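Read the figures in this text as sums done on the coordinates, not as results from a lab. Because the structure is predicted, anything quoted here is derived from the model rather than measured. Note that each Cβ is placed from the backbone with ideal geometry, even for glycine, and that neighbours are counted across all protein chains shown.
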Amino acid sequence: MRNWTIALTLILVLSVFAGSLIAQENQDENSYFYSILLSGSRAGYHKYTIAKEMSLYNVSSETFVKIKMGGTEEQLTFKEQSQLNERFLPIAYNLEVKSSQGVQNVTVEFGKKSAKETIESGGETLEKEFTPNTSFVLLDNNLIDHHNFIMQKMDFNSTERQNFEVLVPQVAQSFEYSLQIKGEEEYGQKPVYNVYGNLMGIEIFYLVDKDTKVLEKISIPSQNYEGILEKDEITDEEKTQIESQEILEPMVEKLMIESNVDLGNYQDLKMLEANIEVGAMFLEGGEYYLNMENQTFEGSIDDNWIKGVVKVDPMTYRPRHEIRFPIRDKFDVDDKYLLPERGIESDDPALIEKAQKTVLNANTLWGAVRRINLWVSRQIEYKITGGTAKDCYESREGDCGPQSCLTIAFLRAVGIPARLVGGLQYAEGKFGQHNWVEVWVGEDPGWIPIDPTMGEDEKLNAGHITLWIGSGTVSPSGGKMKVEVIDFE
């Protein structure tokens, strides 16, 4: 089964809606209704009520969205209960997410100097504590009320950049969110502020009612999302007519960068030198990774944008000294590269059993690595799916991310340290986002890359431009990303 809530959060990070205020008789309680549009078509709705009681705000919301991921349909329902203080800072938060996969509950309790989060899903519990540099603002997946509350905190008399530390509970991580007022205009016969936001390189555009500070329209061009104002809540009949919209394939297309030079067959590339301008964002644990044995980078990183010249050579590996397998001595490497993590279920009994069978006759470490890489390359059909290692194994299909996660899960399950890396890969005239794997094979030479999706292990082609370690993504920003080839062989 697909891990829908995680996959959707990774892709959207924050969602796009537009709406109108439906006034209530009680002036201390207001209800809002928004349409969710994906690729120009209605894919769901979001509605919420905010009621003031003394100096506190009580918020309840419901979100419904129908999506397709790689052609597979899913319906998601989000129900939120939260409490804010008079400055629209969160005090308590609870979100229930329902899908065909089951129920996920997210709870956050906010103290004066920290926040404690609990995520319960599939019988597992994740707990985490955050200590912000400033006060947290909520910005969770599919919840437009959070965007509205951020607008309430903005100073609309200033055109300077305003930064907020936002907590995204569904991925248990905080980010810096930069916003700036770009001017005023007319929208729907109303005066509105034009507000620009940048979250880890993703551009978000808001139109905000000048009088009420309520959002009238939001768009994220890089993700084909926009919100269109609804004057009234849609009818029950209209809700039944909502059609699911594909989210992965349009996103993948947005992550493709045209090459200025035809490099031919990527497998034949012996050297690549290029000037790059690429946005990148990570989930927790991700970090930039630009210089290594077969790659050099000279340039800068500013506001999550990588700008500079990268030179890549093929990575060829043939072990000079074979390490016996099964491994007897503990490697001098961080234990986290041997442990399960979100999306890499190396402790799952079915994955452990399959990994052990795959390496049954291997007597060297590198032999075990190659057997696992070959199994994933041959047995997993390439399909844009998203999802986890377990999803990929059970369905026998997945794109580069799930295939890499499955390879890592197998390797860790048999005691071989492995980690996820990513960046860009050249193929058929374009550079596209890609993930692959690095394996620790001892102090000398250390980390060695393999690519299960392309079936490469002894030699990794020079079309791989490495940008990060861990869970990351390039973040397109209005088509501004570029890879300009300087030289190649």
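Would you kindly state how much longer the chain becomes between residue 277 and residue 357 on full extension, computed as 0.36 nm times their sequence separation minus their alpha carbon distance, in nm to one decimal?
24.4 nm
Cross-link partners among lysines for residue 128, C-alpha distance below 27 Å, same-chain residues fewer than 8 apart left out?
By straight Cα distance, residue 128 reaches 79, 98, 112, 113, 116, 153, 336, 390.
May I ask you to evaluate 6.51 cos²θ - 1.76 cosθ + 1.60, the Karplus curve with θ = phi - 60°, for each residue of segment 453-470 and list the ³J(HN,Hα) values in order in whole Hz, giving x for glycine and proline?
For segment 453-470, the Karplus curve yields 4, 9, x, 10, 9, 5, 9, 9, 5, 6, x, 7, 9, 7, 10, 8, 10, x Hz.
About the Cα centre of the chain, how large is the charge dipole given +1 on each Lys and Arg Cβ and -1 on each Asp and Glu Cβ? Please answer in debye to the nearest 20.
Using Cβ point charges on Lys, Arg, Asp and Glu, the chain gives about 860 debye.
Would you please state which residues of segment 187-204 a label at residue 482 would reach in this model, taking the label point 7 Å out along Cα→Cβ and a backbone N cut-off of under 20 Å?
201-203
Using the Cα gyration tensor of segment 4-248, with a ≥ b ≥ c the square roots of its eigenvalues, what is the shape: rounded (a/c below 1.5), prolate (a/b larger than b/c) or oblate (neither)?
rounded
So how far apart, in nm, are the two label points at residue 444 and residue 28 if each is 7 Å from Cα heading toward Cβ?
The answer from the label model is 7.5 nm.
Measure off 7 Å from each Cα along the Cα-to-Cβ vector at residue 267 and residue 239, then give the distance between these two points in nanometres to one decimal.
With each label point 7 Å from Cα toward Cβ, the separation is 5.3 nm.
Using θ = phi - 60° and the Karplus curve 6.51 cos²θ - 1.76 cosθ + 1.60, what whole-Hz ³J(HN,Hα) does each residue of segment 212-227 get, with Gly and Pro shown as x?
Taking θ as phi minus 60°, the curve returns 8, 6, 8, 5, 9, 7, 9, 9, 10, x, 5, 10, 6, 10, 8, x Hz for segment 212-227.
Report the calculated FRET efficiency for residue 79 and residue 321 (r = Cβ-Cβ distance, R0 = 56 Å), to the nearest 0.05.
The formula returns an efficiency of 0.45 here.
Could you work out how much longer the chain between residue 118 and residue 296 gets when fully extended? Use 0.36 nm per residue separation minus the Cα distance between them, nm to one decimal.
Taking residue 118 through residue 296 to full extension adds about 60.0 nm, to one decimal.
Considering all alpha-carbon pairs of segment 63-172, what whole percent are spaced by more than 21 angstrom?
42
Taking Cα atoms of segment 255-488, Rg/Rh with Kirkwood Rh, to two decimals?
0.96
Calculate the spin-label point distance for residue 56 paired with residue 178, positioning each point 7 Å from the Cα along the beta-carbon direction, and give it in nanometres.
Each label point is offset 7 Å from its Cα along the Cβ direction, giving 3.7 nm.
Short version: what are the Cα gyration tensor semi-axes of the chain, square root of 5 times each eigenvalue, largest first, in whole Å?
42, 25, 21
Calculated from DSSP H runs of 4 or more alone, at -39500 (n - 2.57) each and per residue, what is the 222 nm mean residue ellipticity of the chain, nearest 500?
-4500 deg cm²/dmol
Residue 196 to residue 333: FRET efficiency via 1/(1 + (r/R0)^6), r the Cβ-Cβ distance, R0 45 Å, to the nearest 0.05?
Approximately 0.60, to the nearest 0.05.
In degrees between 0 and 90, to the nearest 10, how far off the longest principal axis of the chain does helix 400-413 point, with axes built from Cα atoms?
With rounding to tens, the tilt is 60 degrees.
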